[in-house]
Amino acid sequence: MRLRTHARLPVLGLLLALTAGCAGDGAQREAGDAVTEADAALLAGLLQRNHTAGGADFVVTAPYGREAVLTLTGEVDFRAGTGRAQAVTSTGGTEEVRTVFFTREELWIGDVPGADAAGAPYLSRPVDVDGERPPLVDVLVTVLLGLAAEDADDPDAFLDAGYSWQGRRSIDGRPTELFGLPGGRAVAVSSTDDVLVQFATPVPAGPGEDDLEVTTTLAEHGRRSLDLPDGKRTAPLAEHPELAAALGL
């Protein structure tokens, strides 16, 4: 499971609670043990299983600054590469809420103060993760949409390649197996249906700053059908630069 997030998003580790356990043959396993052939097969098909399922509910969180957190809560259609979410920016006890729709290329933002002047409830702009300091919401949706693939990876690529079993953990009441990935990334896989439950990765915050830790949690895997805002409900942000500061993301 190569986790094809974005080639320009480097990675750092995220500490997870670890426990020891037993392998399928009854042998004791310790956190940090290299993955087995069974583990490799599990990881190799992880992103493909997301694509096969079709979509999922999600929560993506990214703390940044001294006390701010950006949280996206919504649903994603992995097959179509689309999603919608409530984006909440929490800072020092205050919250700023926006409605967001997205694809890999485009972002629509609603509930923007003053947007009535644009004659449409949503402002749209291209997704941009190429800059030195890309907008955090763009980075989060790029990470999320990278968690699916039409084809499985080669299981052999996970053996003797820095992938490790890291224990077991309950996430939102769901038992999972934890795995460490090269570069310090981490995944939690459902112990009951082998789907991706959680993915943790760092993203760059900008020159001279510590990386941000991004955690994506998936639930209720299954088909999704999402309608994006049409042209009648959308105004390009480029035509209304006076509203850029009000986006809040």
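Structure summary
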item: Extension gain (nm, one decimal) between GLU242 and GLU132, 0.36 nm per residue minus Cα-Cα; result: 37.3 nm
item: FRET efficiency for THR192 and ARG66, using Cβ-Cβ distance with R0 set to 35 Å, rounded to 0.05; result: 0.35
item: ASP138, ASP194, ASP116 arranged by Cβ crowding within 10 Å, fewest neighbours leading; result: ASP116, ASP194, ASP138
item: Computed lengthening from ARG125 to ALA80, 0.36 nm per intervening residue step minus Cα-Cα distance; result: 14.3 nm
item: Gaussian network model of the chain, Cα within-10 Å springs - most flexible of ALA34, ALA200, ALA118; result: ALA118
item: Residues GLU150 and GLU220, FRET efficiency given R0 of 22 Å [Cβ-Cβ distance, rounded to 0.05]; result: 0.55
item: Gyration tensor (Cα) of the chain, equivalent ellipsoid semi-axes in angstrom; result: 35, 19, 15
item: Percent RCO, i.e. relative contact order, over the chain, from Cα pairs under 8 Å lying at least 6 residues apart; result: 29
item: Those residues of the range 66-86 whose amide nitrogen sits under 16 Å from the label point placed on ASP57, 7 Å along Cα→Cβ; result: 72-77, 84-86
item: Inter-label distance, nm, simple model (7 Å from Cα along the C-beta direction), ALA161/SER90; result: 3.7
item: ALA117 paired with GLU37, simple spin-label distance in nm, labels 7 Å along Cα-to-beta-carbon; result: 6.7
item: Protection-proxy order for peptides 95-106, 42-53, each taking the mean of Cβ atoms within 10 Å per residue, highest first; result: 42-53, 95-106
item: Cα centroid of the range 57-113 to Cα centroid of the range 210-233, whole Å; result: 8
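Bear in mind these aren't lab numbers, they're just calculated from the coordinates by the rules spelled out. Only a predicted model underlies this, so the values are computations on that prediction, with no experimental measurement involved. Please note: Cβ atoms are built from the backbone with ideal geometry, for glycine as well, and neighbour counts cover all protein chains shown.
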